[in-house]
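> Would you mind keeping the following structure in view while I ask a few things?
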Amino acid sequence: MSVESVFCLLLCVCGGGGILYHGADPSGGEGASELSAFPRLCGAPNYDVRNLTASVWTFRWHACINMGVNCTFKMAFCQPLPEFGNCENASVCMTGTNVISMKLGEYQDNPFIPSSSPGPSILFIGFLAQFVNGDAYNTTTAHACELSVFMEFHCDLNLHWPAAREGVESVVPPGALTDVSFDDTKCEYTFKFRFSGACLTVTPSSPVAESLSAGTILIIIFVTTLAIYFMLGISLNAARGHRGTELIPQSELWTQLPATVVEGVAYTCRCCTAKKEAYDSI
């Protein structure tokens, strides 16, 4: 085999040794096609909240303060709710039969908070959200305060929240809402949800190697073996008292290698020239 062929073979093998990199897929994930513009800094690290931030979400509940037995809650994340009734610059509002609307929480740039914060037990898996500075409210003990909302999103891989098309409110899917409670002493609503995006989706902060090709593995094995061969050979020859070029294992082979390569190249060139002359004579 000619030297040129050897180099071509090595290039072909090495060419497949590129390292592939991957990072977080910005187009993947649940509801990626429904994403709307919102601050990229708003979110819960290591959780997929893109569907929550892509729409205005609504759900109905059977018992609400100052609103009788039926009311509708509206909430938006990383964006304010469209203004209606008494809800201005709000992220969580409540509407019912007795009053037009009530603001439960003011718009927050980033309402998500770490799940390690005070609140749920240590067994809680998911993330939290909090909205404050709602409408003024008088408790049953005549204490004046401002309404607020505390939300728990628990991990449930089977409960996806498909966002509606742009401009249409999305309804919290059946089974996602597990509890609504109101603490009169704190003027605080607590919503508990199940959500597939509340399951950890940790992605690397920097690109990582996906895999090594067969060519790269072969080169690594070859170089490693060659290094071990020379180190052991030199150590053994040194122990035997050899010096200079005699330290190189099989020194005769390696000193004759350049001349052998040159001879091989010359032979290949002669073969190619001979074939060309034979064709020309025909």
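The values are calculated or read from the model by the stated rules, or taken from the named source; none is laboratory data. For clarity, every value in this text was computed on a predicted model and none was experimentally measured. Cβ: placed from backbone, ideal geometry, glycine included. Neighbour counts: every protein chain shown.
> Look through Arg50, Arg60 and report the one residue that is out of contact with any strand residue (DSSP E or B) (no Cβ under 8 Å at 6 or more places or on another chain) and at pLDDT 85 or above.
Arg50
> Among the residues of segment 142-157, write down those that are more than 27 Å from the chain's Cα centre (by Cα) and in a strand (DSSP E or B).
Ala144, Cys145, Glu146, Ser148, Val149
> Could you tell me which residue of segment 200-224 is modelled with the lowest pLDDT, considering only residues that are assigned to a loop (DSSP other than H, G, I, E, B) and among the aliphatic types (A, V, I, L, M)?
This residue is Val202.
> I need the full set of residues from segment 158-186 which are outside any strand (DSSP E or B), modelled with pLDDT of 90 or more and surrounded by 11 or more Cβ atoms within 10 Å (Cβ to Cβ), in order please.
Leu159, His160, Trp161, Pro162, Glu169, Val172, Pro173, Gly175, Ala176 - these are the residues of segment 158-186 that are outside any strand (DSSP E or B), modelled with pLDDT of 90 or more and surrounded by 11 or more Cβ atoms within 10 Å (Cβ to Cβ).
> Restricting the search to segment 121-140, which residues are part of a loop (DSSP other than H, G, I, E, B) and in contact (Cβ under 8 Å) with a residue 40 or more places away in the chain?
Hits for segment 121-140 are Ile125, Gly134, Asp135, Thr139, Thr140.
> Exactly one of (1) modelled with pLDDT of 90 or more; (2) small (Gly, Ala, Ser); (3) surrounded by 16 or more Cβ atoms within 10 Å (Cβ to Cβ) is unmet by Ala227. Its number?
(3)
> Right, something else. Does Gly241 satisfy the criteria of being assigned to a helix (DSSP H, G or I) and either polar (S, T, N, Q) or at pLDDT 85 or above (or both)?
Against the criterion (assigned to a helix (DSSP H, G or I) and either polar (S, T, N, Q) or at pLDDT 85 or above (or both)), Gly241 does not qualify.
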